[in-house]
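Everything on this sheet refers to the single structure shown next.
The values are calculated or read from the model by the stated rules, or taken from the named source; none is laboratory data. Computed from a prediction, not measured in an experiment: that's the story for all the values here. Backbone-built Cβ (ideal geometry, glycine too); neighbour counts: all protein chains shown. Each accessible area value is taken on the protein alone, full model and side chains, heavy atoms only, with ligands, DNA and RNA left out. Shrake-Rupley method; radii C 1.70, N 1.55, O 1.52, S 1.80 Å.
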Amino acid sequence: MIRSIPVALLIVFALLVSVSARAQDAILKGSIRDSIGKPIEAVSVSLLGESGGIVSDIKGRYELRLQPYRDLTVVFSFIGYETQKLNVRLNPGEVRILDVRLRGSSFDLGPVDVQARRTGDITLTRIEPRTIEQFPSVSGNFESVLKTMPGVVSNNELSSSYSVRGGSFDENLVYVNDIEIYRPFLVRSGQQEGLSFINPDLVSDISFSSGGFGAQYGDKLSSVLDIKYRTPKAFAGSAYAGFMGAGIHLEGASNKERFNWLVGLRQRSNQFLLRNLDTQGEYRPVFTDLQTVLNHKLGKRSEISFLGHYSLNKFRVIPSSRQTEFGSINEALRFSVYFDGQEIDEFRTGTGAITYTYRVNDSLKLKLIASSFISREREFFDVLGQYFLDELERDLGSSEFGEAAFNRGIGAFLDHARNELQAFVGSVAHVGSYRSGIHSLQWGLKAQSEQINDQLEEWQYRDSADYSIPHVPDQPDTLANPNQLLLLNGVVKNNIELTSQRYSGFIQKTWNFSQLTLNIGVRGTYWTLNDEFNISPRLSASYQPAGNRFLTLRAATGIYYQPPFYRELRDLEGNINSDLTAQRSIHYVLGGDYQFLGWGREFKLTAEAYYKKLDNVIPYKLDNTRIRYLAKNNASGYATGLDFRVNGEFVPGIESWISLGFLKTAEDIKDDFYYRYFNSDGEEIIPGYTFNSIVTDSTRVNPGEIPRPTDQRLTLSMFFQDYLPKFPSVRMHLNLIFGTGLPFGPPGPNRYTDILRGPSYRRVDIGFSKIAIDEDGPNNSRLPLIRNLNSLIITLEVFNLLQVSNTISYTWITDVSGRQYGIPNYLTSRLLNLRLQAKF
């Protein structure tokens, strides 16, 4: 019923608008031509804020019926031309002639932007920053937008982590103003993450590639996110505030624009959000982020810029209790825990970069970049939990339906950690580009030094019915024998100091023919820790058939290496494997774009098929957002799938998109095996389920191909925007994500146990905004404080609209018989947020 109400209202509004429009005689007509006077056919002519519209004929003529006595905005749009919006007001019976000239959209692109598109990566998809200003996101991070792109998988709305086409969270490159961005190392859950590096208020350009990217981008296997921050022309700013955080940004430039600056400050607290989790307690998360960009022109051909970033994320929780109900109608269970202790985490990161740019002439540009990244991380916790596992009454006729029928088990656990990490990454790089006619050349060299100091101390203790788990059955229990040895789980204790240097370089050539763009490049890397040298050739091409400017075909292939970083080197016990080599992925990508008209408006269909052959794979276990590598190059695998995306103006004047992805990714770990045990009757003996049986036979099993942790077979996402036809300042923004279940399994080093499937991820976030002051319209306010604002928007957001309990991970408990239970850890429930945004 709730879903049908908006549909019915839209139908009623459409009928009323249609009847009212045809009852009037006011007519607006004319011709539409390009900048040289040539008529343009199929131009979309519509009213801003109203459905429907018409298109111009073969001679560029149009005729549009309008209601009199109304201030209307007529929108003229067509692929490859700038959209024009004209305000009109007609009298009854009036026939007004309005001829329109559309300019080609390429005139908006300066020489640098054109060069970036032509010599840049063919596989990049551009996202318009203004389109996503009202994107409803519970985390407030820009990466939430990426999760609606094809090929991108993330089942955690609290985290900025994402995987692309079967890769891990660590396989994605992120650049801001040509500076590679790093993440903290010790974060193990989305609750701890806070704000990601990218500040949406500072962004001017967003490009994303999910595979087959060029040689100019660094040494990761899966994707590239390339962000450019704005270059201010005059003083301006923005600010926002809501229930979960606030932020402000300011920008300005000198009179002759020789010096410009950009600064952004954000603060966020998820306390309001985390209180809805199953684990109740006192949450104190505080996240602070400060960024600045300074640009100074030293002369006509040279300039210097500085990018600075400081982030402080503090997370403290004193848990009190937890109650989680799970299972099925045939086996309904309740997991109850009472806690003592607390967790205190702190993550301090800083990034600084200086870029010197010298333009020798209009064709040759040289850059010198020096950057550094510093991280200070601390993870302290001692949490004692006493739990009860009860089976619930299933009889619908019972007065105690849903209450505990009997106890399945009791026990306790103690989690302890004293982890501290310090990291420094410094680099010096040179990047150059040369352009002449249809030829473009890019090259680069980079030297990087890394220093890691990691002090690890963590363990877990498990107890079930006064028995230590793992339990030694031949010894008396702990209470009766105080001298019995307690066996701890997940013991990691080490002091690691690691220093190494990396060297890399690339060169790539691009040819821009009339219908064909061809990019060939090669990249080389060397790492001093293992003396490994790799060569990575890459090739991509795009083709536009003659006579069909709406269709673009493209293909890309290449060999991609990802040398290990610190996390890949460390195994489950905290030991470093310095002999680890780079993982390799061979990409094959085939796809295209098709632009078309629907309902008189522009749309773009993007489709890609891909296959990735994986070698020297380092297997890993995934727990929430924490990746725990096995630190061995002992696996091979593949990832293959199809991605689709349709974007355009489903509603006139506002862009939306729908993405659909199919994926299969698997790996085969060398020399992994397990045994199946049988009794004398040939019945299999399963620990924790089979009792009083003697093993008489066993069989060795080689698991073979198993799904990778990111094997999400189907993903569907949508970002949809709409507004009320007669009140276009009242808008709706919908973010929908669906993904099939991911593989999981019990803790431990054995990957072949991770063949269970979790439930599907289903998430709908929606926002309703009121534009009190339109950025593109006049400000008629008489209030002095509001009169100087360029834009003012009030937004009400409803997160997790459908109140779906999504599962992010599992807490595993073991009874004394050895049977394990996986208790689902649920993500956030429904939540309201009120947000106020202003620009000045």
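With angles folded into 0 to 90 degrees, how steeply does helix 4-22 sit against the dominant principal axis of the chain? Use alpha carbons for both and round to 10.
With both axes taken from Cα atoms, the answer is about 0 degrees.
Please check the chain for the longest run free of GluC sites (Glu not before Pro) that are loop-located per DSSP (anything but H, G, I, E, B) and have at most 12 other Cβ atoms within 10 Å. Working shown, then result.
Details: sites that count: GLU331, GLU400, GLU403, GLU683.
Formally, the longest exposed-site-free interval is 1-330.
Roughly how many Å² is the accessible area per residue of segment 224-294, as a whole number, for a 1.4 Å probe? The partial results should precede the final answer.
Working: 3250 Å² over 71 residues.
Per residue, segment 224-294 has 46 Å² of solvent-accessible surface.
Using only the alpha carbon atoms of the chain, find the Kirkwood hydrodynamic radius as the inverse mean reciprocal pair distance, in angstroms to one decimal.
It is 29.9 Å.
Can you pull the accessible area of LEU785 for me, 1.4 Å probe, Å² to the nearest 10?
150 Å²
Name the residues whose placed amide hydrogens come within less than 5 Å of the amide hydrogen of SER189, ignoring near sequence neighbours (fewer than 5 apart) on the same chain.
Sorted by chain and number, the residues that satisfy this are THR625.
Non-local amide H neighbours of ARG713 (under 5 Å, H modeled in plane, Pro and chain starts lacking H): which ones?
Sorted by chain and number, the residues that satisfy this are THR740.
How would you classify segment 601-688 from its alpha-carbon gyration tensor, with a ≥ b ≥ c the square roots of the eigenvalues: rounded for a/c under 1.5, else prolate if a/b is greater than b/c, otherwise oblate? Mind showing how you got there, number by number?
On the way: a/c = 3.15, a/b = 2.45, b/c = 1.28.
The shape class here is prolate.
Which lysines, if any, have their Cα less than 25 Å from the Cα of LYS233, not counting same-chain residues under 8 positions apart?
LYS85, LYS256, LYS297, LYS300, LYS365, LYS367, LYS839
Any idea how far apart ALA772 and LYS85 come out in nm if each label point goes 7 Å out from Cα toward Cβ?
2.0 nm
Apply the Karplus parameterisation 6.51 cos²θ - 1.76 cosθ + 1.60, with θ equal to phi minus 60°, to every residue of segment 530-539 and state each ³J(HN,Hα) to the nearest whole Hz, in sequence, with x for glycine and proline.
Those phi angles translate into 10, 6, 9, 10, 10, 10, 10, x, 9, 9 Hz.
Could you compute how much accessible surface PHE768 exposes when probed at 1.4 Å, giving the result in Å² to the nearest 10?
Accessible area of PHE768: about 100 Å².
State the number of lysine pairs found in segment 620-765 whose Cα atoms come within less than 27 Å, restricting to pairs 8 or more positions apart or on distinct chains.
The result is 5.
Could you look at segment 193-345 and say what percent of its accessible area is carbon and sulfur, using a 1.4 Å probe and all protein chains? If you can, show how the numbers build up before the last one.
Values: 3440 of 6310 Å².
Carbon plus sulfur share of accessible area: 54 percent.
Along the Cα→Cβ direction, 7 angstrom out, place labels at SER320 and TYR182. What is the inter-label distance in nm?
Computed distance between label sites SER320 and TYR182 equals 4.0 nm.
Tell me, what is the per residue accessible area of segment 516-662 in Å², probe radius 1.4 Å? Each step should come with its number before you reach the end.
On the way: 5800 Å² over 147 residues.
Accessible surface, normalised per residue, equals 39 Å².
Helix-only mean residue ellipticity at 222 nm, the chain, DSSP H runs n ≥ 4 weighted -39,500 (n - 2.57), per residue, nearest 500. What is it?
Rounded to the nearest 500, the figure is -1500 deg cm²/dmol.
Fully extended, how many nm does the chain gain between LEU714 and TRP812 (0.36 nm per residue separation, minus their Cα-Cα distance)?
Working: separation 98, 0.36 × 98 = 35.28 nm, distance 2.70 nm.
Full-extension gain reported as 32.6 nm.
Once label points are set 7 Å from the Cα along Cα→Cβ at both LEU396 and ASP71, what is their separation, rounded to one decimal in nm?
Between LEU396 and ASP71, the label points sit 5.9 nm apart.
Provide the per-residue ³J(HN,Hα) series for segment 553-559, in order, calculated from phi with Karplus coefficients 6.51, -1.76, 1.60 and θ = phi - 60°, each as a whole number of Hz, with x at glycine and proline positions.
Result, rounded to whole Hz: 9, 8, 8, 8, 8, x, 9.
Check each of the chymotrypsin sites (Phe, Trp or Tyr not before Pro) in segment 26-96 and keep only those in coil by DSSP with at most 12 other C-beta atoms within 10 angstrom; list them in order.
Filter output for segment 26-96: TYR69.
Can you order the peptides 308-320, 197-209 by their average number of other Cβ atoms within 10 Å per residue, highest first? Numbers along the way, then the final one.
Working: 308-320: 18.7, 197-209: 20.9.
Highest-to-lowest ranking by the protection proxy: 197-209, 308-320.
Return the percentage of antiparallel bridges among DSSP beta bridges fully within the chain, rounded to the nearest 5 %.
95 percent
Test of understanding: what is the full-extension gain from GLN422 to LYS664, defined as 0.36 nm times their sequence separation minus their Cα-Cα distance?
My answer for the length gained is 83.4 nm.
With all protein chains present, calculate the accessible area of LYS670 using a 1.4 Å probe and round the result to the nearest 10 Å².
Probe radius 1.4 Å; accessible area of LYS670 about 120 Å².
Hand me the chymotrypsin sites (Phe, Trp or Tyr not before Pro) from segment 213-289 located in a DSSP loop with no more than 12 other Cβ atoms within 10 Å, in residue order please.
Filter output for segment 213-289: PHE235.
Quick one: accessible area per residue over segment 339-428, 1.4 Å probe, rounded to a whole number of Å²?
Ligands and nucleic acids excluded, the result is 48 Å² per residue.
Got a sec to turn the phi values of segment 612-618 into Karplus ³J(HN,Hα) couplings, 6.51 cos²θ - 1.76 cosθ + 1.60 with θ = phi - 60°, whole Hz, x for Gly and Pro?
10, 8, 10, 10, 6, 5, 9
Pick out, from VAL589, PHE142, LEU368, the residue whose Cα sits farthest towards the positive end of the charge dipole of the chain, with +1 on the Cβ of Lys and Arg and -1 on the Cβ of Asp and Glu.
Farthest towards the positive pole: LEU368.
Relative contact order (percent) for the chain, with alpha-carbon contacts under 8 angstrom and 6 or more residues of separation? Please list the in-between numbers first.
Details: 2244 pairs, mean separation 80.8, N = 840.
Worked out over the chain, it gives 10 percent.
With r defined as the distance between the Cβ atoms of ASN790 and THR528 and R0 fixed at 51 Å, what FRET efficiency is calculated, to the nearest 0.05?
E between ASN790 and THR528, to the nearest 0.05, is 0.45.
Charges at C-beta only: +1 for Lys and Arg, -1 for Asp and Glu. How large is the resulting dipole of the chain about its Cα centre, in Debye rounded to 20?
4360 debye
Please compute the length gained on full extension between PHE840 and LEU605, using 0.36 nm multiplied by the number of residues separating them and subtracting their Cα-Cα distance. Walk me through the intermediate numbers first.
Details: separation 235, 0.36 × 235 = 84.60 nm, distance 3.62 nm.
Using 0.36 nm per residue and subtracting the Cα-Cα distance, I get 81.0 nm.
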